Amino acid sequence: MRDIYDLIVIGGGPAGMAAALTAEECGVDRILIIERGERLGGILNQCTHSGFGAAYFGEEMTGTEFAERFRERMSDSGVEVITGTMVLSVSADRTVTVSNKSGCAELHTKAVVLATGCRERPISSLHVTGTRPSGVFEAGAAQKMLNLGGYDIGDDAVVLGSGDVGLVVARCLAQRGRRVIGVFEIRDVCGGSDKNRTECLDFYGIPLYFRHTVTRIHGEGRISGVTVKDLDSGAERYIGCGTLITSLGLVPERELIEPLEAEDGSLPEWIFTCGDARTVHDTVDAVAFEAEKTGAEAAEYITGGTDI
Amino acid sequence: MRTEYDATVIGAGLLGCFTARELVRYGLHTIVLEQREDVCTGISRANSAIVYTGCDTKPGTIKTEMCVRANRGFDTLCRELGVRFSRCGSLMICFGPCGLGVLEKKYAQGLENGVQGLRMIGPEETYDLEPNLAPGVRAALYAEGTGTVLPWELGCAAAENAAANGAEFRFCSRVLGISRREGGYTVSTDTENIRTRCVINCAGLFADEVQELLFAPSVRLFPKRGDYYVLDTKAEGFISHVISHEPEDKKKDGGFDKGGDKGLTLVPTVEGNILVGPSNMPTDSKRLGSTERDGFELLDRRISEVMPGLPMRHMIRSFSSLRPNPFQVELAGGEYVRNGKSISNFTIAEPAGDASFLSFIGIKTPGMTCAQELGRYAAEKAAAYLGAKEDPRFDPVRPAPVRTADLSVAERDALIKDRPDYGRIVCRCRGVSEGEMIDAIHSKPGAVTVDGIKRRTGAGGGRCQGGFCSQKVIELLARERRCLPEEIMKDGPGSYILTGGETDA
Ligand SMILES: Cc1cc2nc3c(=O)[nH]c(=O)nc-3n(C[C@H](O)[C@H](O)[C@H](O)COP(=O)(O)OP(=O)(O)OC[C@H]3O[C@@H](n4cnc5c(N)ncnc54)[C@H](O)[C@@H]3O)c2cc1C
Ligand SMILES: Cc1cc2nc3c(=O)[nH]c(=O)nc-3n(C[C@H](O)[C@H](O)[C@H](O)COP(=O)(O)OP(=O)(O)OC[C@H]3O[C@@H](n4cnc5c(N)ncnc54)[C@H](O)[C@@H]3O)c2cc1C
């Protein structure tokens, strides 16, 4: 790792890799991808299910396979990659501060692509009453524990919110022989795709309740139940459960650049964003296409723009 | 294992931890028995985080004396214990004549109590200090000396310092019985009998029940619940002082049975969050930690009155606490019933008639501010009773733990060269490294649960509430404690996160 780059890409998921590869094709020389995880791939590394790549590669594959294809392209490229490294801050003088087990350093760059993905909204941010027991997981965290950690996270699950991640986790539990009591969605439409609704719920006989939400959590040590409210009748009922999976929506992870945003939300010209950090995408294919455009834009700025 | 002690402290909340620290100052062989797995899991994990000046309480009471003295010494205390403390000042505001009356009374009372840095200020200066307050503020009582500290950070630090000076901590040790013996007492937990010359009962919400293990009922606790919201550090800067509000429509007597409230308090914490609360709701349970709709509704109404622009979209968590309200009880028709009003002074009982048994029953606000004073009070009594002198070997300093997020790049880099685990960031929201977590696990008494790590390092207390780091935290705890990840709890008994084979059964 040197300390001066033309382009620093923060986040080594599909968006970061696609942006870096395109920027290189467009003639940018010194490119660095910084990834906090131990390997490139981002959220795809925990997506062992299929349904990725149809639009981009013209064939359907698992998330992990999609990531592998991009990793192969990365190793054929001249893009420098550093993993196990957290970006701590990005400052107005184009300094990127990083920390890893060999040290803490300031790197200088002409441009930054933010490709940090998104995070889930925790249930604690809602006005849900009751206790705060264990056994409550955000769907993404649950998926990681199940697929990457190889852990068991409990039985008799209620899923709150019908986003894709929640549906995929419901299926993942069902496939392991765990009982999924039902998916409760506050709106009157399924948050996830029709395909996921059919493949993850209908196929396993998991019911989906619209206009229902969880208003209260019960349990002393581990969760023992939830109060579910039917928004139409206003009726509340108790449902015993051993696990609660929440899929309440994804929020782009932009904290690194927020301090640099102007009042009107605009960013300095040397900062670019792509992937779920820009807006949450339904498919990784859309992420890859968008990130390639972002990579080209960054390249144009670096090669054609003013030198610093 | 030793089973004979000079002093036995029951409960490892703020009071138990500080009492233990003060007891070892006198070289007394001290043990702390705590029913839970860690320190500060009771009231001391959930309060308003304010270090009060002493203008809120009546002159001449022990509560006032302790509070004024404690406030003056708080910088020194926090420096000794390596605890973050911010003397941010406070504004108590009012919108009308009733509130103004209360403020004026507190101002006069504060002056009489010897509180320095108190001023009544008008609307203009108030809005200069806190521009986001609702329109219509009539006046404010400004108290320069008010500060804020995290209760669990303070409690953990006191416990570590007590332990470093020889106090023993026994967790998962619930006191079930106390009996007299020659020269003292036998205190029995589910696993052992401790012989002790003195007992200091710091059992928080259960201090009445612990005392009644041996003595007749005199004071009992009837809790009231306080609900709170926590806002993300994204709201940092929206307020810069502790703000409290004296409502116009307050029930005169505090309305214990009617659910009267105490207005709203907003606190800019040392970690950059804003704490909003507490409600003040009747409850018939001593079970801590459940939030309720009526509490949220009250908070929402108060927020709209005091600071309607408060960015509630940045709320990351809610929690609740219980106020241990003490009442004198008397026997009537074969039952002990409450007589009269809630006792407002600190109740420090000596049911045996001497300092061999001391109970803190119903130490509410400002119990955290006064924790060291209360601990000292108990230790002085015990030391006099046992004829102990101050031990010159006592070292009051507990080195501050490493917090990488507070260091410069160069400082961090130097640290990482020595200990690479300080370079690995595990909690993304608060920027807590693996090294800090390992330090928390190996401190004494150390973190054994995910919440124990959170109390000591802040990890998991940010905007994602542990969604990102909890798996890694579980794995670290398991590795360092040489157990299976499935054995790691979130906090109390039964709060397992990963399940082993048992769900197959
Ligand atoms: C459960 C689930 C199911 C899905 N199903 C499908 C599907 O069936 N089909 C489909 O096409 N799409 C699906 N998607 C969507 C798709 O996977 C995502 O939109 C895509 O992976 C987003 O890519 P990204 O690169 O923007 O973000 P991510 O993949 O999240 O990558 C962001 C990377 O940035 C890193 N990072 C973040 N902050 C920092 C920092 N400060 N320092 C260093 N590194 C950092 C992270 O570690 C991560 O590796 C699914 C997503 C999920 C979660
Ligand atoms: C809503 C609220 C807000 C407050 N705000 C402030 C503030 O802003 N500033 C301030 O100065 N003070 C404040 N206080 C007061 C302060 O928080 C308390 O005075 C202090 O935390 C009390 O600590 P404790 O050690 O007595 O209780 P706890 O922290 O509850 O500790 C008691 C311990 O005893 C243990 N225990 C109980 N029974 C047994 C048994 N049989 N065997 C073994 N162990 C047992 C429990 O598990 C627990 O750990 C507030 C209090 C409340 C309720």
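The values are calculated or read from the model by the stated rules, or taken from the named source; none is laboratory data. In this text the structure is predicted, and so the values were computed from the model without any measurement. Using ideal geometry, Cβ is built from the backbone for each residue, glycine included, and neighbour counts are taken over all protein chains shown.
Only one of B:Gly263, B:Gly309, B:Gly272 is within 14 Å of another protein chain (Cβ to nearest Cβ) and of a type in the set (Gly, Ala, Ser); which?
B:Gly272
When you go through (1) under 29 Å from A:Lys293 (Cβ atoms); (2) more than 13 Å from ligand 1 (Cβ to nearest atom); (3) within 11 Å of another protein chain (Cβ to nearest Cβ) one by one for A:Gly103, which number turns out not to apply?
It fails just one condition, (1).
Of the numbered conditions (1) in contact (Cβ under 8 Å) with a residue 60 or more places away in the chain; (2) over 22 Å from B:Leu154 (Cβ atoms); (3) polar (S, T, N, Q), B:Ser433 satisfies every one except a single condition; which is it?
Failed condition: (1).
List the pairs whose first member sits in the stretch A:25-43 and is on the phi > 0 side of the Ramachandran plot, whose second member is modelled with pLDDT under 95, and whose Cβ atoms are under 6 Å apart, counting only residues at least 6 apart or on separate chains?
Between residues of the stretch A:25-43 that are on the phi > 0 side of the Ramachandran plot and residues that are modelled with pLDDT under 95, the close pairs are A:Gly27/A:Thr303.
Among the numbered conditions (1) surrounded by 14 or more Cβ atoms within 10 Å (Cβ to Cβ); (2) outside the structural domain of B:Val230 (by TED's automatic domain parsing), tell me where B:Glu350 comes up short.
The one condition B:Glu350 does not meet is (1).
Of these, A:Ile10, A:Ile33, which one is under 20 Å from the mean Cα position of the chain (by Cα), more than 14 Å from chain B (Cβ to nearest Cβ) and not aromatic (Phe, Trp, Tyr)?
On inspection, the qualifying residue turns out to be A:Ile33.
Considering each residue of the stretch A:140-161, count those that are of a type outside the set (Val, Ile, Thr), at the interface with another protein chain (Cβ under 7 Å from one of its Cβ atoms) and not in a helix (DSSP H, G or I), and give that number.
5
Just to confirm my filter: which strands (runs of 3 or more DSSP E) fall fully inside the stretch A:177-247 and include at least 2 residues that are closer than 19 Å to B:Arg293 by Cα and more than 16 Å from ligand 1 (Cβ to nearest atom)?
A:212-218, A:225-230, A:236-240
Could you please let me know if B:Ile488 is more than 8 Å from chain A (Cβ to nearest Cβ), touching a Leu at 6+ places or on another chain (Cβ under 6 Å), farther than 27 Å from A:Gly103 by Cβ and not acidic (Asp, Glu)?
yes
Could you please find all residues in the stretch A:19-42 being within 8 Å of ligand 1 (Cβ to nearest atom) and in contact with a helix residue (DSSP H, G or I) (Cβ under 7 Å, 6 or more places away or on another chain)?
A:Leu40, A:Gly41, A:Gly42
Does B:Ile453 satisfy the criteria of being in a helix (DSSP H, G or I), free of Cβ contacts under 8 Å to residues at least 40 places away in the same chain and facing chain A (nearest Cβ under 10 Å)?
no
Which of the residues that make up the stretch A:81-97 are in a loop (DSSP other than H, G, I, E, B), among the β-branched types (Val, Ile, Thr) and more than 9 Å from chain B (Cβ to nearest Cβ)?
The answer is A:Thr83, and nothing else.
Failed condition for B:Pro445, given (1) outside any helix (DSSP H, G or I); (2) within 22 Å of A:Gly154 (Cα to Cα); (3) modelled with pLDDT of 95 or more; (4) within 21 Å of the chain's Cα centre (by Cα), with all others met?
Exception for B:Pro445: condition (2).
For the stretch B:137-167, how many residues meet the condition of being over 23 Å from B:Asn113 (Cα atoms) and surrounded by fewer than 21 Cβ atoms within 10 Å (Cβ to Cβ)?
Count: 4.
Of all residues in the stretch B:407-428, which are part of a loop (DSSP other than H, G, I, E, B) and facing chain A (nearest Cβ under 8 Å)?
B:Arg424, B:Arg428
Considering only the stretch A:8-60, state which residues are in contact with a Lys or Arg (Cβ under 7 Å, 6 or more places away or on another chain) and closer than 14 Å to A:Glu80 by Cα.
A:Leu21, A:Leu40
Just to be sure I understand, how many residues within the stretch B:168-192 are within 13 Å of ligand 2 (Cβ to nearest atom), surrounded by fewer than 19 Cβ atoms within 10 Å (Cβ to Cβ) and more than 14 Å from chain A (Cβ to nearest Cβ)?
So the count comes out to 10.
Filter the stretch A:106-137 down to residues that are among the charged types (D, E, K, R) and facing chain B (nearest Cβ under 7 Å) and give me whichever is nearest to ligand 2 (Cβ to nearest atom).
A:Arg132
Looking at this structure, is A:Gly166 within 23 Å of A:Tyr238 (Cβ to Cβ) and in contact with a Gly (Cβ under 9 Å, 6 or more places away or on another chain)?
yes
So which of A:Gly78, A:Gly27, A:Gly16, A:Gly12 is away from ligand 2 (no atom under 16 Å from the Cβ), surrounded by 22 or more Cβ atoms within 10 Å (Cβ to Cβ) and not in a helix (DSSP H, G or I)?
Checking each option against the conditions leaves just A:Gly12.
Take the residues in the stretch A:168-177 that are touching a strand residue (DSSP E or B) at 6+ places or on another chain (Cβ under 7 Å) and surrounded by 21 or more Cβ atoms within 10 Å (Cβ to Cβ); name whichever of them is nearest to the other protein chains (Cβ to nearest Cβ).
Result: A:Leu173.
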